[in-house]
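Novice: Mind having a look at this structure? Questions to follow.
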Amino acid sequence: MRCFIAVDISATALNQIKGLLVKLGKAGVAGVRWVKPFRMHLTLAFLGEVSLDFVTSVKECLPRAVAGFGPFSCRLNGIGAFPSRHRARVVWVGMDKGTDELCELQKRIAKELEKIGYRPERRPFSPHLTLGRLRFPADVTGVSEIRFQSDGFEIDRLILFQSVLKPEGPEYSRLAEFKLRS
């Protein structure tokens, strides 16, 4: 099964992103596929194709990763692109509140997952919410200059998701949730 660990975005912030996507769609970037807001989340660890036994081990180690880690506030802010605005493959929205906490949580998760054989990405973790993917690299400088800031929201749990790829887009199901508690 294809799995990942993520946190949810509030309904209010997702509604604000819907409005942003309307603006971005009018910006006229060719070849971009915008992510549907109901599929958006902040990914902390992509596990890839894993066995049921590995998923069981993940469910056992995540409570240790979140032990003593309380809920925290976040806010989405600013639009950017990977690898760059001039040759973008991904358009994203960043964060300006909760970044340190999210990075610390991601670090804890990676540390626990390494104990069961997970190999974390070599690139440093960069909290972001993917808005769209481009089939071919393109200049999105105009899009990245659009201003965006969501209302604040609370992150109070981790979610282990299963992802099933379908022609109309990925379908996500929650396999387990882990509440954050101080």
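The values are calculated or read from the model by the stated rules, or taken from the named source; none is laboratory data. This one's a predicted model, so the numbers in the text were calculated from it and none came from an experiment. Note that we place each Cβ from the backbone using ideal geometry, even for glycine, and neighbour counts take in every protein chain shown.
Novice: Going by the conditions given, is VAL50 more than 15 Å from ILE159 (Cα to Cα) and either modelled with pLDDT under 95 or crowded, with 19+ Cβ neighbours inside 10 Å (or both)? Talk me through it step by step, then tell me what you get.
Specialist: Working: more than 15 Å from ILE159 (Cα to Cα): yes; either modelled with pLDDT under 95 or crowded, with 19+ Cβ neighbours inside 10 Å (or both): no.
No.
Novice: Here is a further query. Could you tell me which of the residues ARG123, ARG89 is of a type in the set (Lys, Arg) and in a loop (DSSP other than H, G, I, E, B)? Before the answer, list the steps.
Specialist: Numbers: ARG89 fails: in a loop (DSSP other than H, G, I, E, B).
Exactly one of ARG123, ARG89 is of a type in the set (Lys, Arg) and in a loop (DSSP other than H, G, I, E, B), namely ARG123.
Novice: Quick one: how many residues across the stretch 39-86 are more than 14 Å from the chain's Cα centre (by Cα), more than 18 Å from PHE148 (Cβ to Cβ), hydroxyl-bearing (Ser, Thr, Tyr) and not in a loop (DSSP other than H, G, I, E, B)?
Specialist: Total satisfying the criteria: 2.
Novice: Give the residues of the stretch 121-163 that are among the basic types (Lys, Arg), surrounded by 14 or more Cβ atoms within 10 Å (Cβ to Cβ) and modelled with pLDDT under 95, sorted by residue number. First the steps, then the outcome.
Specialist: Restricting attention to the stretch 121-163, the residues satisfying the condition of being among the basic types (Lys, Arg) are 122-123, 133, 135, 147, 157.
If we keep only those that are surrounded by 14 or more Cβ atoms within 10 Å (Cβ to Cβ) too, we end up with 133, 157.
Of everything in the stretch 121-163, just one residue is among the basic types (Lys, Arg), surrounded by 14 or more Cβ atoms within 10 Å (Cβ to Cβ) and modelled with pLDDT under 95, namely ARG133.
Novice: Now for a different question. Give LEU105, LEU158, LEU129 a once-over and let me know the one that is within 19 Å of VAL22 (Cα to Cα) and within 17 Å of the chain's Cα centre (by Cα).
Specialist: On the way: LEU105 fails: within 19 Å of VAL22 (Cα to Cα); LEU158 fails: within 19 Å of VAL22 (Cα to Cα).
Criteria check complete, one pass: LEU129.
Novice: Could you check the stretch 22-38 and list, in sequence order, the residues that are touching a residue at least 12 places away in the same chain (Cβ under 8 Å) and either over 26 Å from ILE109 (Cα atoms) or part of a strand (DSSP E or B) (or both)? Please lay out each step first, then the result.
Specialist: In the first step, residues of the stretch 22-38 are kept if they are touching a residue at least 12 places away in the same chain (Cβ under 8 Å); the result is 23-24, 27, 29-38.
The answer is LYS23, LEU24, ALA27, VAL29, ALA30, GLY31, VAL32, ARG33, TRP34, LYS36.
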